[in-house]
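Quick notes on the structure that follows.
The values are calculated or read from the model by the stated rules, or taken from the named source; none is laboratory data. Computed from a prediction, not measured in an experiment: that's the story for all the values here. Using ideal geometry, Cβ is built from the backbone for each residue, glycine included, and neighbour counts are taken over all protein chains shown. Remember, those area values only see protein heavy atoms, side chains included, never the ligands or the DNA or RNA. Shrake-Rupley method; radii C 1.70, N 1.55, O 1.52, S 1.80 Å.
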Amino acid sequence: MASITKQKSGCRTIQFVGAGRRRKSIRLGKVSQRQAEAFKFRVEQLIAAQRSAVPVDAETSAWLAKLDDEMANRLAAVGLIPSRKKKGQANLGPFLDGYMKRRTDVKPATKEVWRQVMLNLKNFFGVDRALESITEGDAEDFKLFLIGEKLASTTVHKRLQFTRMFFRDAKRRGLIFENPFLEVKAKAVNLKDRHRFISREETDRIMAVCDPTWRTIVGLARYGGLRCPSEVLSLRWELVDWEHDRMVADSPKTEHHPGGQQRVVPIFPELRPILEEAFELAEPGAEFVVGGNYRAAAMGEKGWMNCNLRTQFERLIRRAGLTPWPRLLHNLRASRETELAAEFPLHVVTRWLGNTPRIAMKHYLQVTEDDFARAAGKATASPESPASDAKPTAPARNPAATDAPQRKDSPQAGTPRTERYPGDHGAAEPTGNQSGDPGSDPARDRNRPVQRAAECGAVALQNAVQSAHAGGCQESTAQSKTPVVTGVYANPDKRSQPRSRPKDGEDRIRTCGGLSPSRI
């Protein structure tokens, strides 16, 4: 696509056919052939990106960023890159303000979150800092600045993510050649570490110290599964259908998605008395279920923004004698979805709560102590913490284990005295309760006939086999040299060799004719 020409003076020029099929030239001056070839390769990369209308690759962007102004202006003169004079006029403060005004496609609450990130950028770099002067090292220093502000790891992760978005827009507009924040990232905390199942006992303790307004807020989040504060504060009385036990929840968070503006949620039995109490205490003509000034504080000029419920909720938790948990309001809703998922199909639960099965599995559903109790066939216990936080306990002793016969070579404490049945060849039966109780164990007495029948049946079977070989059979009392296989070597070199030992003494094995010795 491009060629190199050399003049008599030793200067080299790169020529190519640009837009409108016009030949254009870039003078390189007196450079070596190898340098000219390297420059020609970058020019061809820029031409290919321009013709295909795609961004240039990262290596070419880095090369452009290090190019001196004189050569950059020559590339700009032939239309391969934007003029650096225009780029140099873009400072951080005006660019961020313009970006905020251009984004008319997001909600006011989202812009409020962006405004916090932009404030961090302006405070660290300064509003007059040129965008092109921000390097990857500066971006790494900004990350350390956020960490030094004692922000949560998830918050640092999100703010760096928004910063990459801002500078990606600047690159697309030709204000910078590379995004200095492209590789600057912070690892968010493991979401499983922030999960916390809020039991019903804990919820009751909290609601006992709440006023009627906060009882409604906690009840809608914990037993209704509504997003708090957005859906809780947006619920209206006219959308509560008492007759059919359901309500329609407005969702400011998902209203921009098709079909996400509203959803139908059942009035669960745990929630109904809370709503009835709120209805009795509501002022005549009240529009929203949750009264007070919380909703007014959450509304901005262009719609829903947000409000702070966390501070007061922490006070209520401590007043109830509990310790605040991570993601205070989110875990109320997650606990409800976990309960419902154990009772109803997941697609039904996610339809009620307004998320997807994938999001529910990642951010909401938890493993509780009730799950372990049901798996063990025991009565369910009300969990006060997720199962991942529970400490293992010693397994409960099985009462039936005391009925099993004990080995003579490994006596245990409390081994019962035994006596043999006549002709049972060593079968033993426990006689009496050795724990000090003169009475008998009903479970053991009930199982004793079955055990004795099984033992006697085995003896009868053995006698029948011996009788079947009468006449042609003889009892050998000679000392046996036949090795008895007892195991296999663990050494891999001798894996196929059986480990055997000769059996001393008389091997009283009954043989029949030419049959090989075997154990009965």
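Table for the structure above
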{"item": "Restricting region 350-378 to residues that are under 18 Å from Lys253 (Cα atoms) and β-branched (Val, Ile, Thr), the residue that is most open to solvent (accessible area, probe 1.4 Å)", "result": "Thr356"}
{"item": "Cβ-Cβ under 7 Å pairs, at least 6 apart or on other chains, region 289-300 side more than 18 Å from Ile274 (Cβ to Cβ), far side in a loop (DSSP other than H, G, I, E, B) and not aliphatic (A, V, I, L, M)", "result": "Ala297/Cys307; Ala298/Pro229; Ala298/Asn306; Ala298/Cys307"}
{"item": "Every pair of residues 6+ apart whose Cβ atoms lie under 7 Å, when the first sits in region 68-87 and is more than 21 Å from Lys30 (Cα to Cα) while the second is outside any loop (DSSP other than H, G, I, E, B) and modelled with pLDDT under 80", "result": "Gly79/Ala19; Arg84/Asp69"}
{"item": "Those residues of region 246-265 which are touching a Gly at 6+ places or on another chain (Cβ under 9 Å) and within 15 Å of Thr350 (Cα to Cα), in sequence order", "result": "Ala249, Ser251, Thr254, Gly260, Arg263, Val265"}
{"item": "Test: Leu239 is open to solvent by less than 50 Å² (accessible area, probe 1.4 Å), farther than 23 Å from Glu112 by Cα and free of Cβ contacts under 8 Å to residues at least 60 places away in the same chain", "result": "yes"}
{"item": "Top-ranked residue of region 278-291 - restricted to ones that are of a type outside the set (Asp, Glu) and loosely packed, with under 15 Cβ neighbours inside 10 Å, ranked as nearest to the chain's Cα centre (by Cα)", "result": "Phe279"}
{"item": "Answer residue from region 133-186, given it is open to solvent by 60 Å² or more (accessible area, probe 1.4 Å) and of a type in the set (Val, Ile, Thr) and is farthest from Gln50 (Cα to Cα) among those", "result": "Ile147"}
{"item": "Complete set of residues in region 249-296 that are under 12 Å from Gly354 (Cβ atoms), of a type outside the set (D, E, K, R) and either modelled with pLDDT of 90 or more or in contact with a His (Cβ under 8 Å, 6 or more places away or on another chain) (or both)", "result": "Ala249, Gln262, Val264, Val265"}
{"item": "Out of Val113, Val43, sole residue that is among the β-branched types (Val, Ile, Thr) and open to solvent by 40 Å² or more (accessible area, probe 1.4 Å)", "result": "Val113"}
{"item": "Residue within region 256-277 that is open to solvent by less than 30 Å² (accessible area, probe 1.4 Å), within 23 Å of Ala109 (Cα to Cα) and out of contact with any helix residue (DSSP H, G or I) (no Cβ under 9 Å at 6 or more places or on another chain) present", "result": "yes"}
{"item": "Any hit, region 189-203, residues being surrounded by 15 or more Cβ atoms within 10 Å (Cβ to Cβ), of a type in the set (A, V, I, L, M) and closer than 23 Å to Leu365 by Cβ", "result": "yes"}
{"item": "Selection within region 335-376 - in contact (Cβ under 8 Å) with a residue 40 or more places away in the chain and not in a helix (DSSP H, G or I)", "result": "Gly354, Gln366, Thr368"}
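Each row is one residue, and each column tells you yes or no for (1) assigned to a loop (DSSP other than H, G, I, E, B); (2) touching a residue at least 40 places away in the same chain (Cβ under 8 Å).
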{"site": "Leu160", "(1), (2)": "no, no"}
{"site": "Phe167", "(1), (2)": "no, no"}
{"site": "Ala186", "(1), (2)": "yes, yes"}
{"site": "Asp193", "(1), (2)": "no, yes"}
